[in-house]
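Any read-out appearing in this document is the output of simple, stated calculations on the displayed coordinates, not a laboratory observation. Nothing here was measured: the structure is a model prediction, and the numbers come from that model. Glycine gets a Cβ as well: all are built from the backbone with ideal geometry, and neighbour counts include every protein chain shown.
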Amino acid sequence: MARVRVLVLQHGLGALDYAVPDGMGLGPGDIVEVPLGPRRIVGVVWEADRWATREVPDAKLRAVAARFAVPPVTAPLRRLIEWTGAYYMAPPAAVLRMALSVPSALIEAPTLVEYRLATEVPGNLTSLRAAAIERLAGRQGSVRELARHGTVSEGVIRGMVKAGLLTPIAVSPDVPPPVPDPDFAAPVLSYEQAVAAEDIAQAVTADAFAPFLLDGVTGSGKTEVYFEGIAAAIRSGGQALILVPEIALTAPWLARFAARFGCAPVAWHSDLRGSERRRTWRSVATGNARVVVGARSALFLPFAKLRLIVVDEAHDSSFKQDDGVQYHGRDVAVMRASLEQATVVLATATPAIETQAQVTRGRYVELKLPSRFGGAQLPAISTIDLRTDPPPRGNWLSPPLVAALRETHVAGEQSLLFLNRRGYAPLTLCRTCGNRIECPQCTAWLVEHRLTARLQCHHCGYSLPVPPRCPSCDAEYSLVACGPGVERVAEEVARILPDLRVALVTSDTIFSPARAAALVAAVEAHEIDLLIGTQLVTKGYHFPDLTLVGVVDADLGLAGGDLRAGERTFQQIAQVAGRAGRGSKPGRVLLQTHQPDARIMRALVEYDAAGFYAAETDARRDLGLPPFGRLAGVVVSGEDAAAVNLVARDLGRSAPRSDGLAVLGPAPAPLAMLRGRHRVRLLVHARRSVDLQGVVGAWIEGVKVPASVRVTVDIDPYNFL
Ligand code: ADP
Ligand code: ZN
């Protein structure tokens with residue numbers, strides 16, 4: 001009897017054996033439906049020698065129920081799923097789920113029905129329906145999606161369909177996306193751009209793994225260069241994937257892509273409608289989707305013939321996923337390219353130390369673009385010493401920065417203020433009793449948001465209206481906002497520079513591609529004089545008339561103190577500085593700091609990235625920190641503090657003690673409480689030669705963990721909270 005081993009999409013189970021029904025003819029990668037108890041679940045046929053499983057005699061074997069009519073999961077993607085599970089210590093089903101993330105894509109569907117608001121809406125509506133209609137303006141989707149967007153039940157949506165308030169629309173699920181034209185509008189490249197583009201294009205057409213670091217200063221034309229790699233991938237009949245850190249910000253990128261290639265690429269992100277996800281998944285699997293731009297989860301799409309992966313802004317730590325399978329998109333991108341025998345380009349003006357180390361080790365080829373395109377100069381960066389030039393009491397902008405904002409405005413140019421803090425004030429304090437208003441579920445202060453008049457927890461989303469009295473001592477008129485967020489800076493600007501038209505750029509205001517596109521249009525039309533934003537403004541924008549960048553608190557990022565605090569601050573400030581003077585007018589950058597003599601500030605002012613990186617790299621090497629050593633974070637969490645502490649103590653007691661490995665902790669996590677769960681951390685620090693996953697796996701296996709407690713492992717952690 002023929003049998004196959006199937007990796008099943010079921011938490012806690014690995015691979016199971018099944019009998020192959022006569023005539024089904026299954027091979028590795030085939031996506032199948034198999035019986036499990038009374039149910040049927042999805043799985044993928046796998047090479048039998050890759051997973052161990054319990055031996056089941058022929059007589060007891062159940063049969064595969066069906067094979068889905070979709071292309072099989074390719075061998076490189078199967079190897080990627082194995083690697084990701086093993087490296088990040090995640091259950092195989094959890095990784096497989098990322099590759100089979102669209103269950104509806106497996107099934108042939110003649111047409112889908114979606115709904116949108118009818119053109120005629122009567123006036124006499126229940127308030128529930130009226131509110132839903134307001135929220136559904138411009139939306140189209142399934143009953144479930146509309147229920148989510150309208151924040152009503154699916155029953156309400158079905159009722160609205162019956163009442164004719166929503167009109168059904170038949171959607172064809174599988175129209176192939178247009179093919180971008182590699183010769184639509186090729187630019188004339190500068191000499192240095194052409195050299196880099198040629199290297200990438202040649203690698204794309206060769207059938208071999210080729211990793212590149214495309215290290216070019218801001219405005220040097222990195223996008224134009226890797227576009228030539230995409231063109232080569234299309235010409236050779238293959239597919240290209242571009243990963244971007246902030247999918248909501250891709251509007252300008254999409255416009256440039258369309259201008260270069262004549263049509264839009266296929267987009268992949270969490271905000272897609274069900275029918276769009278299905279169409280994308282299927283067209284990626286058939287090879288019809290030639291260019292995909294997406295969030296990190298696009299790395300697990302079933303590409304048929306992937307030739308090129310670009311990681312844009314490759315230094316960005318948002319490529320690291322912090323829940324579920326805790327993978328790093330940049331590293332998985334390199335691994336996928338290596339398994340696909342494809343090219344990978346990490347594009348950034350401020351490469352991560354990990355990436356530079358790979359160049360030094362000779363593993364990645366470095367392509368440099370040392371100057372801005374078209375003769376634009378890099379902006380002059382200088383510091384404002386807040387000790388000698390402090391802002392007036394209760395203000396956050398120093399006199400020299402205010403003067404610069406005024407001058408820039410008078411010259412008809414635009415400015416940007418960067419402060420990486422959403423909301424109005426990070427802390428609300430009671431003057432009477434000293435109470436600091438905290439989140440009831442997290443070890444965190446609530447952040448005041450004036451736009452919504454609420455106090456918000458930035459960790460769990462808890463919020464409440466700003467209370468009129470102190471919740472602790474009931475004193476009236478006693479609560480004071482402490483410290484600035486972007487909303488407070490905007491208020492200050494409105495007070496002292498009332499002529500400036502200001503736009504706030506944070507995830508509260510720019511939460512969709514459409515909002516981002518509207519912002520870009522407004523800035524380009526000079527309807528905005530000043531952008532005030534969080535890290536969202538540091539990325540990707542190209543505004544030729546923006547000539548002044550002010551960093552409100554250059555010291556802010558250093559406060560956290562984790563191993564990457566200096567590097568991250570440097571990258572962030574260098575990126576935001578790179579928004580200035582990208583056109584013909586020269587730019588300038590002013591950094592407000594209490595420590596203008598610190599190495600990092602001097603390096604920024606002197607454009608001495610190499611010196612700064614060298615010093616950081618030496619420090620990491622001396623301490624054996626990544627990339628010269630390895631880390632794994634272990635977090636024990638649960639609602640019952642005693643149970644959490646017990647497990648943490650047992651882990652501490654049985655911690656592996658061996659050469660080249662140390663376990664720090666257990667200690668309460670900085671976020672000792674998150675979403676109502678108590679959290680205790682341990683940190684494993686090992687030499688590079690240590691089999692970290694093996695040691696950590698055996699260690700945790702040996703400790704009894706009750707069902708109410710969770711132990712999660714974070715390999716190569718970026719988050720130390
Ligand atoms: P980076 O990503 O390195 O910051 P961009 O790719 O955004 O730089 O390029 C900066 C600006 O210069 C963009 O407006 C881009 O269109 C323009 N540019 C770069 N290279 C060329 C070129 N070869 N021909 C025309 N415009 C170019
Ligand atoms: Zn909270």
| request: Put one equal scatterer on each alpha carbon of the range 629-715, apply the Debye formula with no solvent term, and list log10 I(q)/I(0) at q = 0.24 1/Å to two decimals. | output: -1.16
| Simple label model, 7 Å out from Cα along Cβ direction - Ala662 to Glu527, nm | 5.8
| request: With just the Cα atoms of the range 112-171, tell me how far they stretch along each of the three principal axes, in Å, largest first. | output: 30, 22, 19
| field | Centroid-to-centroid separation of the range 515-564 and the range 577-628 [C-alpha atoms, Å] | value | 18
| task | Determine, at each q value in 0.12, 0.22, 0.25 (inverse angstroms), the log₁₀ of I(q)/I(0) that the Debye formula gives when each Cα of the range 486-577 is one equal point scatterer. | result | -0.42, -1.23, -1.41
| Local charge sum around Thr547 (other residues, Cβ-Cβ under 11 Å, Lys/Arg +1, Asp/Glu -1)? | +1
| request: Starting from the exponent 0.38 and prefactor 2.2 Å, build the expected Rg for the range 273-350 from its residue count and divide its actual Cα Rg by it. | output: 1.12
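Using 0.36 nm per residue of separation minus the Cα-Cα distance, give me the extension gain between Lys305 and Ala194 in nm, one decimal.
Residue separation times 0.36 nm, minus the Cα-Cα distance, leaves 37.4 nm.
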| said: Once you place label points 7 Å from the Cα toward the Cβ at Arg501 and Glu108, how far apart are they in nm? | reply: 5.6
| task | Go through the range 411-485 and name the chymotrypsin sites (Phe, Trp or Tyr not before Pro) that are in a DSSP coil and have 14 or fewer other Cβ atoms within 10 Å of their Cβ. | result | Tyr477
| remark: antiparallel share of DSSP beta bridges within the chain, to nearest 5, in %, is 55
| said: Can you tell me the length gained on complete extension of the stretch Arg148 to Asn719, counting 0.36 nm per residue apart and subtracting the Cα distance? | reply: 202.5 nm
| task | Decide, for the chain, between rounded, prolate and oblate: order the square roots of the alpha carbon gyration tensor eigenvalues as a ≥ b ≥ c, take rounded if a/c falls under 1.5, and otherwise choose prolate if a/b is larger than b/c, else oblate. | result | rounded
| field | Amide proton proximity set for Ala314, modelled H, under 5 Å, gap of 5+ | value | Ala347, Thr348
| Computed log₁₀ I(q)/I(0) - Debye formula, equal Cα scatterers, no solvent, the range 558-616, q 0.12 Å⁻¹ | -0.30
| message | Rounded, prolate or oblate for the range 191-374? Axes are the square roots of the Cα gyration tensor eigenvalues, ordered a ≥ b ≥ c, and the cut-off for rounded is a/c under 1.5. | response | rounded
| query | Between Ile31, Pro21, Tyr88, whose Cα lies farthest towards the positive end of the dipole of the range 3-100 when Lys and Arg beta carbons carry +1 and Asp and Glu beta carbons carry -1, centred on the Cα centre? | reply | Tyr88
| request: Mind checking the full-extension length gain between Ala259 and Asp562? Use 0.36 nm per residue of separation minus the Cα-Cα distance, one decimal, nm. | output: 104.9 nm
| field | Spatial separation of Cα centroids for the range 422-441 and the range 395-415, in angstrom | value | 31
| said: Taking the Cα centre as origin and putting +1 on Lys and Arg beta-carbons and -1 on Asp and Glu beta-carbons, what dipole magnitude results for the chain, to the nearest 20 debye? | reply: 1540
| query | Taking the range 467-512, which trypsin sites (Lys or Arg not before Pro) meet the DSSP loop condition and have no more than 15 other C-beta atoms within 10 Å? | reply | Arg501
| remark: Quick calc, Ala598 & Ala403: beta-carbon distance into FRET formula, R0 25 Å, rounding 0.05, result 0.55
| note | Shape call for the range 446-509, from the Cα gyration tensor axes a ≥ b ≥ c (a/c under 1.5 means rounded, otherwise prolate when a/b beats b/c, else oblate), comes out oblate
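Given contacts defined as C-alpha pairs under 8 Å and at least six residues apart, what's the relative contact order of the range 112-171, whole-number percent?
51
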| field | Positive minus negative residues near Ala516 (Lys, Arg vs Asp, Glu; Cβ under 14 Å) | value | -1
| message | Projecting each Cα onto the charge dipole of the chain (Lys/Arg +1, Asp/Glu -1 at the beta carbon, about the Cα centre), which of Val121, Gln377, Ala481 comes out farthest on the positive side? | response | Val121
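Fewest first, what order do Leu214, Leu530, Leu117 take by the number of other Cβ atoms within 10 Å? Kindly include the intermediate steps, with their values, before the conclusion.
Details: Leu214 29, Leu530 24, Leu117 18.
The fewest-first ordering by Cβ neighbours comes to Leu117, Leu530, Leu214.
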| request: Could you work out the local net charge near Asp17, counting Lys and Arg as +1, Asp and Glu as -1, over the other residues with Cβ closer than 11 Å to its Cβ? | output: +3
| query | R0 = 51 Å: FRET efficiency of Glu33 with Glu476, Cβ-based, nearest 0.05? | reply | 0.20
| note | Residue-ordered couplings for the range 216-221, obtained by feeding phi - 60° into the Karplus form 6.51 cos²θ - 1.76 cosθ + 1.60 and rounding to whole Hz (Gly and Pro as x), are x, 4, 4, x, 7, x
| task | Provide the descending list of Cα extents for the range 3-100 along its principal axes, expressed in whole angstroms. | result | 37, 27, 25
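Give me the percent of DSSP beta bridges within the range 402-532 that run antiparallel, rounded to the nearest 5.
70
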| note | Going from the fewest other Cβ atoms within 10 Å to the most, one would list Lys60, Lys222 as Lys60, Lys222
| Add -39500 (n - 2.57) for each DSSP H run of 4 or more in the chain, then divide by its residues: what number comes out at 222 nm, to the nearest 500 deg cm²/dmol? | -9000 deg cm²/dmol
| note | Karplus ³J(HN,Hα) for the range 518-523 (6.51 cos²θ - 1.76 cosθ + 1.60, θ = phi - 60°; Hz, whole; x = Gly/Pro) runs 5, 4, 4, 4, 5, 5
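Given an 8 Å cut-off on Cα distances and at least 6 residues of separation, report the relative contact order of the range 535-675 as a percent. The partial results should precede the final answer.
On the way: 125 pairs, mean separation 26.9, N = 141.
Contact order relative to length: 19 percent.
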| request: List the relative contact order of the range 592-721 as a percent without decimals, with contacts defined as Cα pairs under 8 Å and 6+ residues apart. | output: 32
| query | What is the spin-label model distance, in nm, from Thr286 to Asn395 if the labels are put 7 Å beyond Cα along the C-beta direction? | reply | 6.3
| task | Restricting things to alpha carbons, tell me how big the range 536-576 is in terms of Rg and Dmax, in Å. | result | 11.8, 36
